[in-house]
Structure formats: structure tokens, C-alpha cells
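Colleague: Structure in C-alpha cells, see below.
The values are calculated or read from the model by the stated rules, or taken from the named source; none is laboratory data. Given the structure is predicted, the values throughout are model-derived calculations rather than measurements. Virtual Cβ from ideal backbone geometry, glycine too; neighbours counted across all protein chains shown. Please note that ligands, DNA and RNA were not included when accessible areas were found on the heavy atoms of the full protein model with its side chains. Shrake-Rupley method; radii C 1.70, N 1.55, O 1.52, S 1.80 Å.
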Amino acid sequence: MGLTPTLMRQCSNHAIRFPIMETFKNYYRGDDPTRKPPKWMTAVFGCLAGASAVIANTPIDTLKTRMQGLEAAKYKSTWDCVQKIYQNEGKLAFYKGMVPRLIRLSLQAGVIFTVYDVYSEAIDKLDDKLKGNTINS
């Protein structure tokens with residue numbers, strides 16, 4: 001149980017995080033498509049993109065956690081879980097645990113996007129060297 005909210009959470013996370021990250025990078029580039037933000041700025045952009053995803057999909061994460069937790073048997077379906085949380089605890093219950101998740105995942109996104117840029121640049125440089133046959137075999 002919990003496959004549906006897990007898929008919803010993962011898909012929404014990436015559907016939010018990546019476009020926001022690219023929007024920040026495009027804003028920084030302005031009219032120069034070759035302009036790259038410095039690493040510290042990439043990290044900040046990544047943290048903001050990660051935070052946006054967490055804020056938007058915490059209710060889905062709450063569903064996933066409840067449906068895979070110790071009391072998962074009391075829910076018949078994802079919709080049943082939504083109804084029971086709302087009826088018994090109110091709408092704010094869908095945001096339980098958001099602050100620690102926000103801190104952890106926004107920092108994680110900042111690191112991931114920065115490391116991705118570092119590795120991408122290193123691979124591009126290696127590719128350029130290989131194309132130029134400047135590496136001895």
C-alpha cells in the first residue's frame with residue numbers, strides 16, 4: 001500500500017523542482033545563453049527549487065507516510081486516507097513534519113544541483129579533450 005501517493009510525490013517533486021531550477025538559471029542568463037551562474041548561486045537556486053517542491057507536495061508526502069507507516073492497515077485507499085486525515089485532524093495535518101523535511105530536502109537539492117553542474121562541466125572538458133585527441137592513450 002502507498003504506491004499511488006509515492007508515485008504522486010516523486011512525480012510532483014520533480015515536476016516542480018526542475019522547472020523552477022531552470023527558470024532561475026534562465027533568469028540569471030538573461031540575453032546570454034552561455035552565461036552560467038556561479039556555483040554558490042546554483043546552490044541557492046537549488047535550495048529554493050527544493051523548498052518550493054517540499055511546500056507544494058508535503059500533503060502528498062503525508063499521505064505516503066501514513067499509508068506506509070505502522071498504522072497503514074486502517075486505510076483502505078489513498079482517498080480513504082485523505083478523508084480520515086481531514087475529518088479527524090483537519091487540513092493542517094497534511095503539513096505535519098514539513099519544517100524538518102523543508103530543511104533537509106532544500107539543502108539536499110542545492111547540493112545535488114551544484115554537484116550535477118560540477119560533474120557536467122568536468123565531463124564536457126573531458127569530451128573536448130578527447131575530441132581534440134589531447135589525451136594520450
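Colleague: Just one of PRO37, PRO59 is part of a loop (DSSP other than H, G, I, E, B), touching a Lys or Arg at 6+ places or on another chain (Cβ under 9 Å), surrounded by 11 or more Cβ atoms within 10 Å (Cβ to Cβ) and not aromatic (Phe, Trp, Tyr); which is it?
Modeller: Working: PRO59 fails: part of a loop (DSSP other than H, G, I, E, B).
Going through PRO37, PRO59 in turn, the sole match is PRO37.
Colleague: Of all residues being touching a residue at least 12 places away in the same chain (Cβ under 8 Å) and not aliphatic (A, V, I, L, M) in the range 15-34, which is nearest to LEU63 (Cα to Cα)? Just the residue, please.
Modeller: Narrowing the range 15-34 to residues touching a residue at least 12 places away in the same chain (Cβ under 8 Å): 16-18, 20-21, 24-25, 28.
Then drop every residue that is not not aliphatic (A, V, I, L, M), which leaves 17-18, 24-25, 28.
Values: ARG17: 20, PHE18: 23, PHE24: 30, LYS25: 32, TYR28: 36 Å.
So, considering only residues that are touching a residue at least 12 places away in the same chain (Cβ under 8 Å) and not aliphatic (A, V, I, L, M), the one nearest to LEU63 (Cα to Cα) is ARG17.
Colleague: Out of (1) modelled with pLDDT of 95 or more; (2) open to solvent by 90 Å² or more (accessible area, probe 1.4 Å); (3) closer than 30 Å to LYS39 by Cβ, the odd one out for TYR86 is which?
Modeller: Exception for TYR86: condition (3).
Colleague: I'm told GLY46 meets every condition in (1) surrounded by fewer than 19 Cβ atoms within 10 Å (Cβ to Cβ); (2) under 18 Å from ILE16 (Cα atoms) except one. Can you identify the failing condition by its number?
Modeller: (1)
Colleague: Filter the range 67-112 down to residues that are in a loop (DSSP other than H, G, I, E, B) and touching a Lys or Arg at 6+ places or on another chain (Cβ under 8 Å), then give me how many there are.
Modeller: Number of matching residues: 1.
Colleague: Would you confirm whether or not the range 25-33 contains a residue that is in contact with a Pro (Cβ under 7 Å, 6 or more places away or on another chain) and surrounded by fewer than 20 Cβ atoms within 10 Å (Cβ to Cβ)?
Modeller: So in the range 25-33, the residues in contact with a Pro (Cβ under 7 Å, 6 or more places away or on another chain) come out as 25, 28.
If we keep only those that are surrounded by fewer than 20 Cβ atoms within 10 Å (Cβ to Cβ) as well, we get 25, 28.
Within the range 25-33, one or more residues are in contact with a Pro (Cβ under 7 Å, 6 or more places away or on another chain) and surrounded by fewer than 20 Cβ atoms within 10 Å (Cβ to Cβ).
Colleague: Given (1) in a helix (DSSP H, G or I); (2) open to solvent by 40 Å² or more (accessible area, probe 1.4 Å); (3) among the charged types (D, E, K, R), where does ASP117 come up short, assuming only one miss?
Modeller: Unmet for ASP117, out of (1) in a helix (DSSP H, G or I); (2) open to solvent by 40 Å² or more (accessible area, probe 1.4 Å); (3) among the charged types (D, E, K, R): (2).
Colleague: Hey, another quick one. Name every residue in the range 26-50 that is more than 12 Å from ASP117 (Cα to Cα) and of a type outside the set (A, V, I, L, M, F, W, C), in order of residue number.
Modeller: Matches in the range 26-50: ASN26, TYR27, TYR28, ARG29, GLY30, ASP31, ASP32, PRO33, THR34, ARG35, GLY50.
Colleague: Quick check, is PRO33 in contact with a Cys (Cβ under 9 Å, 6 or more places away or on another chain), at pLDDT below 95 and either farther than 20 Å from ARG101 by Cβ or not hydroxyl-bearing (Ser, Thr, Tyr) (or both)?
Modeller: Working: in contact with a Cys (Cβ under 9 Å, 6 or more places away or on another chain): no; at pLDDT below 95: yes; either farther than 20 Å from ARG101 by Cβ or not hydroxyl-bearing (Ser, Thr, Tyr) (or both): yes.
Against the criterion (in contact with a Cys (Cβ under 9 Å, 6 or more places away or on another chain), at pLDDT below 95 and either farther than 20 Å from ARG101 by Cβ or not hydroxyl-bearing (Ser, Thr, Tyr) (or both)), PRO33 does not qualify.
Colleague: Follow-up question, since we're still on this one. Here are ALA73, ALA122: which of them is open to solvent by less than 90 Å² (accessible area, probe 1.4 Å), at pLDDT below 95, out of contact with any helix residue (DSSP H, G or I) (no Cβ under 6 Å at 6 or more places or on another chain) and not basic (Lys, Arg)? Please lay out each step first, then the result.
Modeller: Working: ALA73 fails: open to solvent by less than 90 Å² (accessible area, probe 1.4 Å).
Just one listed residue meets the conditions, ALA122.
Colleague: Residue by residue through the range 75-100, note down the ones that are touching a residue at least 40 places away in the same chain (Cβ under 8 Å) and either touching an Asp or Glu at 6+ places or on another chain (Cβ under 7 Å) or within 10 Å of PRO59 (Cα to Cα) (or both).
Modeller: The answer is MET98, and nothing else.
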